[in-house]
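The values are calculated or read from the model by the stated rules, or taken from the named source; none is laboratory data. Everything numeric in this text was worked out from a predicted model, so none of it was measured. Here Cβ is always computed from backbone atoms with ideal geometry, including for glycine, and neighbour counts include all displayed protein chains. Quick note on the areas: whole protein, heavy atoms, side chains included, nothing else; ligands and nucleic acids left out. Shrake-Rupley method; radii C 1.70, N 1.55, O 1.52, S 1.80 Å.
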Amino acid sequence: DIQIHKSPNDDRQYQGMTLENGLKVLLVSDPSAEKAAVAMSVRVGGYNETTEREGLAHFLEHMLFLGTKKYPDPAEYTRYIAAHGGGSNAFTAERNTQYYFDVLPNSLDGALDRFAQFFIAPLFNADLVDRERHAVDSEYKLRLQSDGWRIKTVNNITANPKHPIVQFNFGSLATLSDSKNKPP
């Protein structure tokens, strides 16, 4: 399906394909690797938000990790990954959200099944909304101390006001509030 160009010095095997649902997949086989890894990029990020709900993409990134129809326990995914020698994370950028994990190779099937459920049947458990709003807000407050974040903020707010970069798309308690009288 998908043409792969690789260096003649690369001994890994590659296969690209498009699934029936249109999802593009790149498989990489490296028998010498100590871990198996998966990444998924979803073409939705901060630029897709409205000014009425800035930070929603980042908030939803958090919520996907917290239970699915098949695996309703909010800690199931993280517990499985950790128990099988792995780690996982995600980040929301301007144009996409990236989810990824790694595990010991013999645990890939179980990890992949749990991971896939994020995108098939997430629960979006209402009992965890406030906790994740606070988690997003904590990440935001932590970044306020970063010079790189400050420079990015200045660049964003001095950009063309019609461009989505001027929006605050990280999220905070204020922007993720249900209140009609949100603080500026």
* Tell me, which residue of the range 1-47 that is touching a Pro at 6+ places or on another chain (Cβ under 8 Å) and over 21 Å from Leu108 (Cβ atoms) is surrounded by the fewest Cβ atoms within 10 Å (Cβ to Cβ)? -> Tyr47
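List the helices (runs of 4 or more DSSP H) inside the range 104-162, counting only whole elements, that have at least 3 residues being at pLDDT 95 or above and surrounded by fewer than 11 Cβ atoms within 10 Å (Cβ to Cβ). Reasoning before the result, please.
Working: elements: 108-120, 129-143, 147-157.
Counting at least 3 such residues, we get no helices (runs of 4 or more DSSP H) at all.
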* Asked: Within the range 73-103, restricting attention to residues that are open to solvent by less than 30 Å² (accessible area, probe 1.4 Å) and among the β-branched types (Val, Ile, Thr), which residue is farthest from the chain's Cα centre (by Cα)?
  -> Val103
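Among the residues of the range 167-182, are any part of a helix (DSSP H, G or I) and either of a type in the set (Gly, Ala, Ser) or open to solvent by 40 Å² or more (accessible area, probe 1.4 Å) (or both)?
Initially, the range 167-182 is screened for residues part of a helix (DSSP H, G or I), giving none.
So far as the range 167-182 goes, no, none of its residues is part of a helix (DSSP H, G or I) and either of a type in the set (Gly, Ala, Ser) or open to solvent by 40 Å² or more (accessible area, probe 1.4 Å) (or both).
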